[in-house]
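A short write-up of the structure that comes next.
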Amino acid sequence: MPQYVINGGKKLHGEIKVSGAKNAALKILPACLLSNETCAIKNIPDIEDIRRMSEILEDLGAVIVRNGSTMTVETKNIKRSNPKAELVHKLRSSIMLAGPLLARFGEVTMPHPGGCVIGKRPIDMFLSAFEAMGATIHEHEDFFTLKCHKLQGAKIILPWVAVTVTESIMMTACLAEGITTLVNAAMEPEISALAGYLNSCGAKISGAGSPIITITGVEKLSAGTYELIPDRIEAGSFIIMGLITGSEIKVSNCNPKNLETELLMLQKAGAKLEIGSNYVITKKSHFHGVELRTHEYPGFSTDLQAPFTALMTQADGQSLIHEIIFEGRLFYTDKLVQMGANIIMCDPHRVIVHGPTKLYGRKLESPDLRAGMALILAGLVAEGKTIVENIYQIERGYENIVARLQALGADITKQD
Ligand code: EPZ
């Protein structure tokens, strides 16, 4: 199995450019189904999740051409609306295809995409939203079929904030008849960006980025050019990488405005940062423990909880890390403990970190995308060699990560 081998203790230097946002790209690709014109997506990262989503669309008949960081997506020849099960099971975000396929073809059959280690990841909120818009649902053992000749606008109240559910309803309602009001919507920057693109194609969406989004259905949508916003989670991961190694690095091509709470918490913990309009420079800092609570945007992103926790193992004193959103997103901390960290799990949502502790290289398996990044960060400061396995999880969301970290001076290699 391929693995990363990291020799810790090296200072980093130089500049790292942030790629386009994975969690924006995974929504614009399904959104291409809403129009039979060709969509051009710029600044799209070359990562495993995008390859999986592209494979599903190409299997349905889409023509996808990548030219550097620009991808064109032509869906006019798609005649099927039943994505291949073996491809769907490789990508939880494939659920984003259900709404657009239903809106375009009136029917969609696909398997439950499955969860992942950070939580049970059900799709009940997706299905009940489609039902509210007039779809009938037929569930088999692990397949479901949605049918609706013409979706109708509806008032949909989410029991709690859910990001992909918000995006799925927003894009699907563009082609429904009448008005859809979505209450308790997520407010992530990727949602506002997607709404901006869809409106440029003729959609009528208002309120994106606020808790209440209104979508007035239209007959059809055109397609155009969509430039992905920088990946705020990648940016945050690299900022923490500079901080945990005590290095001065420049994280560029990012938007610090989409990281305000994360940067605040890092500074509260002692981080010295130079924050520019589209970059952040990390400075050698002395850290002390803080209380962290993750929260939906604009709160502290759950996706940066693991990298932040890795940093807190090097901070003076006690930190309380409260992962409010997912029930399985703290179990990776036992791997940091194996490296020498002092972390006590209070319950599935809270750990207490005592620092600073010296970390030692170990052979560890990456449980998920962001915990995998946390293990890389810990490996960069650990004494000796760290081997990270199951690196597919990391390459789902971090483009060309080994070469980019090597360019910063990190001693990291990929071994097949
Ligand atoms: C999105 O996941 C992101 N993924 C996640 O990033 C991110 O951690 C998460 O939002 C929270 O910010 C993408 O955008 C592709 P949710 P998502 O829907 O949409 C429950 C990464 O590392 N729920 O906001 O799946 C769910 O179980 C990934 O890039 C239902 O109960 O998260 C969770 O407890 C990891 N029923 C809560 O809602 C449903 O039908 C929030 O989920 C759907 C969700």
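Data overview
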read-out: Prolate/oblate/rounded call for the range 33-138, Cα gyration tensor, a/c under 1.5 rounded; value: oblate
read-out: Dipole of the chain, positive direction: furthest Cα of I6, T166, L194, with charges on the beta-carbon; value: I6
read-out: Extension gain from F143 to T216, taking 0.36 nm per residue of separation minus the Cα-Cα distance; value: 23.2 nm
read-out: Whichever lysines have a C-alpha closer than 29 Å to that of K257, once near sequence neighbours (fewer than 8 apart) are set aside; value: K11, K17, K22, K27, K42, K204, K268, K272, K283, K284
read-out: Using alpha-carbon coordinates, inclination of helix 22-31 to the longest axis of the chain, degrees; value: 10
read-out: At most 10 other Cβ within 10 Å, DSSP loop - GluC sites (Glu not before Pro), the range 218-266; value: E219
read-out: Built amide H within the under 5 Å cut-off of K204, gap 5+; value: T216
read-out: Theoretical FRET efficiency, 1/(1+(r/R0)^6), r = Cβ-Cβ of C346 and N77, R0 45 Å, to 0.05; value: 0.25
read-out: Backbone HN-Hα couplings from phi across the range 323-334 [Karplus 6.51/-1.76/1.60, Hz, Gly and Pro as x]; value: 8, 7, 7, 9, 8, x, 9, 10, 5, 4, 4, 5
read-out: Charge dipole (the range 22-227, unit charges on Cβ, about Cα centre) - positive-most of T109, S93, A223; value: A223
read-out: Other-chain or far-sequence residues with amide H under 5 Å of Y279's (modelled H); value: C254
read-out: Part-to-part distance (alpha-carbon centres) for the range 191-254 and the range 323-401, which is given in Å; value: 27
read-out: Size of electric dipole in the chain: Cβ of Lys, Arg +1 and of Asp, Glu -1, about Cα centre, debye, nearest 20; value: 560
read-out: Computed helical MRE - 222 nm, the chain, DSSP H runs ≥ 4 contributing -39500 (n - 2.57), nearest 500; value: -8500 deg cm²/dmol
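Coordinate-derived values only; no laboratory data. Bear in mind the structure is a predicted one, so any value in this text is a computation, not a measurement. Every residue, glycine among them, receives a Cβ derived from its backbone with ideal geometry; neighbour counts consider all protein chains shown.
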